[in-house]
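Colleague: For reference, the structure I am asking about is given below.
Each value in this text was obtained by applying a stated rule to the coordinates, not by laboratory testing. What you see is a predicted model; the values in this text were computed from it and never measured. Cβ atoms come from the backbone with ideal geometry, glycine included; neighbour counts cover every protein chain shown.
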Amino acid sequence: MLAFQIMNGLTFAALLFVVASGFTLIFGLLRIVNLAHGALYLFGGYIGFTISKLTGSFLIGGIGAMLCVAIMGLLLDQGLLRFVRGFELRQVMLTLGVAFVLNDLALVMWGGDTFTVATPEWLQGAVVIGSLFYPKFRIFVLVVGILVFISLWLLINKTRLGALIRAGVDDLEMVEACGIDIRRVFLVTFMLGSALAGLGGMLGGTFLALYPSADAEILVFSLAVVIIGGRGSLVGAAIGSLLIGLLNTFGQVWFPQLAYFVIFGPMAVLLAFRPLGLFGKAA
Amino acid sequence: MSKIITDRRSFLKSTTAAAALVGMPAIVRAQGASRPIKIGLLAPLTGVIAAGGKELVEGFEMYWEQVGKKVGDRAVEIVIEDDASNPDTSLQKARRLVEQGNVDFLFGNILANTGLAVANYVKGTGTPYFIPVIAADDLTQRTRIPNVIRVAGYTASQTARPLADWAYKQGYRKVATISQDYTFGHEQCGGFAQMFTELGGKITQQFWHPLNTADFSPYLGQLANLGVDAVFAMETGADATRFIQQYASFGLKGRIPLMGAMNATDQSVIRTMSNEAEGIVSCAHFAEGSKEPATVKFVADYEKRYQKLPSIYGFSHYSGAMWVAEALKTIKGNVEDRPLFLKTVLATELKDSPLGKTVKLDAYGNPIYDVSIRKVEKRADGKLWNVPITSYPQVSQFWKYDPETYMKQPPYSRDFQGIKS
């Protein structure tokens, strides 16, 4: 029983990590609290749903969702956010507005019925380990979450782009002063973060379903993850996701009446002692 | 969306007109026949239940268009307002419809909190308000408002009781319930739990989860290990989709029979699903898979018009519109005489509804139905629908209890489920 609930917590955490890692990348480097991240997640899910339905392939659906949402991120960054660079409040308000517009757009395009992305055949059913009976798809989500973590960790710690991102998080002006075109790094990061939201939407659309306002729910979870983990920290996002995922699961089991408090109560306490989150650094 | 005229000149014009009407009632009656009957329809066209809101409007409009948008020789004008799935917005729009739009009566809403906000408001104005979907028990029980009538609607606990009876007859003795943690859930579960335990069954455990629970796996793990004969799930909207889907993916489908409160397997939920929803048993007064000729015709008409099977929202507003129209026909469109209008609606027996059977309201303004136990099955073309497997005739909101005695017990809540041990 305990193993079963731990698996539930871990698989939910994996999904949260995929979504929140994109969020924290953008937040850390561009200093944008992208409140449209949830809407990008929702679009990723809807686009993935449509493509996988048309092609019959989950994989193509996933890739399509990531590509399309990355392009949406590109348009958002270059078409809108570029004009308010440096004004934090305006950026937040702008992304909030975009979130509303996208949400309504989704309602017009797909209607308000609840959709689930079809699980591919090879991921249907369950694996039985001892007395534990666990759906294959959720294990798949966990594996994807771990793969995303490893790839992002390698990207950030072992590549030139990663070095630029890290440098940008620490001291933006210095990077620019070194003659690096930071705007291109911004753009790539924004697209990468958006693509992760798209991937999250595809995965979430399979077991959490897609419907109007799903974006706000995942956004709240992502915000909590990033606040706990600290701005721009990959490890922070991973730890934050694990905490929220497990708290969410065990909160529902042990204190069902307090399901939401169990998540946000500890978050408030943590913030009182570490206002920048577990791994956050002062800007 | 709003068709209300809000510029100052026409506002002046309409207020002056209203003032004149108050001063000269004789003229009002004389002009009555020529002025269209104005209906204010409140529907959540945005927000969490936007899909249901759209179907509500579709059902309502389908009826009025079929009858040429008139009652007798009086034209009918429908003003649609978006309540945004939000009680504040709903109240504000209701006020606007009544005070500026001068509608004759209000119709609609889906979410209980939006409906209660409007009900509280019309308590003061006396505007007739019809609620085919707002199911809060007490609106036609302990805190009844005379001008709020549930035409073609239902109380939350009403249809859950026959399901409990059916479950007991299947030999189920131990049942666990899982429900959304709000009034509608408390009431549907309460109806089931009270009935089932009075028959001698046992409610092993009740789970209450917040609305919009993303992940049901923690609950499913516990449900699987309770050793119950069946599970009763009260879910709506996206929660219903997720619950049913996760119930299947965790292998509970086929192992523990799943029963749903009526909204759990509504078309608005199962329309986008496949195998995972098949076989779930639920209970409602409407079943789109019924062989009743009137139902078959309604479903075919609806499907032709909107390319989908009707949900409870579309059905209820179609029938609700028909109900009020019948009453208006009886009083020759004299909607201005409110006491007469309300009395006539209460006395109207609906004969031609898609249910195919005559439906009456009880003395408290809630319909008495033949209720179907329904099973989700696949139609020949692969679409899922609810097919009746058996029926309970003449089920009232009070089941077989005496209304006065029944209303002495507290309303259902998380703490009071009427469980007899």
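Colleague: Treating only the Cβ of Lys, Arg, Asp and Glu as charged (+1, +1, -1, -1), what charge dipole size does region A:2-212 show about its Cα centre? Round to the nearest 20 debye. Display every interim value, and only then the final one.
Modeller: Numbers: 12 positive and 10 negative charges, 48 e Å.
It comes to approximately 240 debye.
Colleague: State the Cα centre-to-centre distance between region A:43-108 and region B:247-326 in whole Å.
Modeller: Answer, in whole Å: 33.
Colleague: Here is a follow-up. Once you put a point 7 Å from the Cα of A:M1 and another 7 Å from the Cα of A:L155, both along the Cβ direction, what distance in nm separates them?
Modeller: The two pseudo-label positions are separated by 4.2 nm.
Colleague: Between A:K53 and B:N225, with labels modelled 7 Å along Cα→Cβ, what's the label distance in nm to one decimal, could you check?
Modeller: Label at A:K53, label at B:N225, 3.8 nm between them.
Colleague: Calculate the mean, over all residues of peptide B:232-239, of how many other protein chain Cβ atoms lie within 10 angstrom of the residue's Cβ.
Modeller: On the way: counts 0, 0, 0, 0, 0, 7, 13, 3.
Per residue, the number of nearby Cβ atoms from other chains is 3 on average.
Colleague: Rounding to the nearest 10 and keeping the result within 0 to 90°, find how far the Cα-based axis of helix B:293-306 lies from the longest principal axis of chain B.
Modeller: Roughly 70 degrees between the two axes.
Colleague: Pick from B:G126, B:G314, B:G52 the residue whose mean-square fluctuation is largest in a GNM of chain B, springs joining Cα atoms under 10 Å.
Modeller: Highest fluctuation of the listed residues: B:G126.
Colleague: Could you identify which residue out of A:G73, A:G112, A:G193 has the top mean-square fluctuation in a GNM of chain A using Cα springs shorter than 10 Å?
Modeller: Maximum fluctuation in the GNM of chain A, among the listed residues, is at A:G112.
Colleague: What is the pair-distance distribution P(r) of chain A, computed from all Cα-Cα distances in 10 Å bins starting at 0, with each bin given as a whole percent?
Modeller: Computed distribution, short to long bins: 7, 29, 36, 22, 6, 1, 0.
Colleague: So what's the Cα pair-distance distribution over chain B, bin width 20 Å, in %?
Modeller: For chain B, the pair-distance distribution reads 27, 56, 15, 1.
Colleague: In degrees between 0 and 90, to the nearest 10, how far off the longest principal axis of chain B does helix B:112-125 point, with axes built from Cα atoms?
Modeller: With both axes taken from Cα atoms, the answer is about 30 degrees.
Colleague: Same structure, new question: Along each of its three principal axes, how wide is the spread of alpha-carbon positions in region B:371-421, in whole angstrom units, largest first?
Modeller: That gives 49, 26, 18 Å along the principal axes, largest extent first.
Colleague: Additional query: In what order do B:E99, B:E65, B:E276 fall by count of nearby beta-carbon atoms within 10 Å, going from fewest to most? Before the final figure, lay out the partial values.
Modeller: Numbers: B:E99 13, B:E65 10, B:E276 19.
Fewest-to-most ranking of B:E99, B:E65, B:E276: B:E65, B:E99, B:E276.
Colleague: Any idea which of B:F398, B:A238, B:L350 is furthest toward the positive side of the dipole for the protein assembly as shown, if Lys and Arg beta-carbons carry +1 and Asp and Glu beta-carbons -1?
Modeller: Checked the options; the winner is B:L350.
Colleague: Would you list, by chain and number, the aspartates and glutamates whose Cα falls below 13 Å from the Cα of B:K408, excluding same-chain residues fewer than 8 positions away?
Modeller: Within reach: B:D138.
Colleague: Points 7 angstrom from Cα along the Cβ direction at B:E349 and A:L270: gap in nanometres?
Modeller: So the two model labels end up 6.5 nm from each other.
Colleague: Please give the calculated 222 nm ellipticity per residue for chain B, where each DSSP H segment of at least 4 residues contributes -39500 (n - 2.57) and the sum is spread over every residue; nearest 500 deg cm²/dmol? Don't skip to the end; give the middle numbers.
Modeller: Working: 14 runs with 163 residues, N = 421.
Helices in chain B give a 222 nm mean residue ellipticity of -12000 deg cm²/dmol.
Colleague: Can you give the Rg to Rh ratio of region A:82-213, both from alpha-carbon atoms, with Rh computed by the Kirkwood formula?
Modeller: So for region A:82-213, dividing Rg by the Kirkwood Rh gives 1.08.
Colleague: On to the next question. Take the alpha-carbon centre of region B:73-90, take the same for region A:127-143, and report the distance between them in whole Å.
Modeller: Cα centres, region B:73-90 to region A:127-143: 48 Å.
Colleague: What's the angle, to the nearest 10 degrees (0 to 90), between helix B:50-66's Cα axis and the longest principal axis of chain B?
Modeller: 50
Colleague: Across 5 Å bins from the origin, how do the percents of Cα pairs in region B:141-262 run, short distances first?
Modeller: Spelled out bin by bin, region B:141-262 gives 2, 11, 22, 22, 19, 13, 6, 3, 2, 0 percent.
Colleague: Go through region B:337-354 residue by residue and turn each phi into a ³J(HN,Hα) via Karplus (6.51, -1.76, 1.60, θ = phi - 60°); whole Hz please, and just put x for glycine and proline.
Modeller: 7, 4, x, 5, 4, 5, 4, 5, 4, 4, 8, 5, 9, 8, 9, 9, 5, x
Colleague: Right, here's the next one. What aspartates and glutamates does B:K343 reach when the alpha-carbon gap must be under 17 Å and sequence neighbours fewer than 8 apart in one chain are set aside?
Modeller: Output for B:K343: B:D104, B:E326, B:D362.
Colleague: Same structure again: Let's see if you can work this out: charge +1 on each Lys and Arg Cβ, -1 on each Asp and Glu Cβ, no other charges. What is the dipole magnitude of the protein assembly as shown about its Cα centre, in debye to the nearest 20? Please report the intermediate quantities before stating the final value.
Modeller: Numbers: 63 positive and 54 negative charges, 50 e Å.
The dipole magnitude comes to about 240 debye.
Colleague: Further question on the same structure: Would you mind ranking B:K291, B:K93, B:K38 so that the residue whose beta carbon has the fewest other beta carbons within 10 Å leads the list?
Modeller: Values: B:K291 10, B:K93 27, B:K38 17.
Lowest to highest Cβ neighbour count: B:K291, B:K38, B:K93.
Colleague: Rounded to the nearest angstrom and ordered from largest down, what semi-axes does the equivalent ellipsoid of the protein assembly as shown get from its C-alpha gyration tensor (root of 5λ)? Walk me through the intermediate numbers first.
Modeller: On the way: eigenvalues 441, 210, 94 Å².
Whole-Å semi-axes of the equivalent ellipsoid: 47, 32, 22.
Colleague: Of the residues B:T143, B:T177, B:T330, which exhibits the maximal mean-square fluctuation in a Gaussian network model of chain B defined by a 10 Å Cα contact cut-off?
Modeller: B:T143
Colleague: Same structure again: Going by how many other beta carbons lie within 10 Å of each one, how would you line up B:Y306, B:Y219, B:Y63, fewest first?
Modeller: Details: B:Y306 15, B:Y219 25, B:Y63 18.
Going from least to most buried by this count: B:Y306, B:Y63, B:Y219.
Colleague: So which of B:K54/B:K93; B:K123/B:K400; B:K70/B:K308; B:K38/B:K291; B:K93/B:K329 end up more than 24 Å apart by C-alpha?
Modeller: Working: B:K54/B:K93 17 Å; B:K123/B:K400 30 Å; B:K70/B:K308 26 Å; B:K38/B:K291 36 Å; B:K93/B:K329 28 Å.
Listed pairs above 24 Å: B:K123/B:K400; B:K70/B:K308; B:K38/B:K291; B:K93/B:K329.
Colleague: Grab the Cα-Cα distance for B:D337 and B:Q394, subtract it from 0.36 nm times how many residues apart they are, and report the gain in nm with one decimal. All intermediate terms of the calculation are to be shown ahead of the outcome.
Modeller: Details: separation 57, 0.36 × 57 = 20.52 nm, distance 3.14 nm.
Separation in residues times 0.36 nm, less the Cα-Cα distance, equals 17.4 nm.
Colleague: Using +1 on the beta carbon of Lys and Arg, -1 on that of Asp and Glu, and nothing else charged, what's the dipole of chain B about the Cα centre, debye to 20?
Modeller: With Lys and Arg at +1 and Asp and Glu at -1, about 540 debye.
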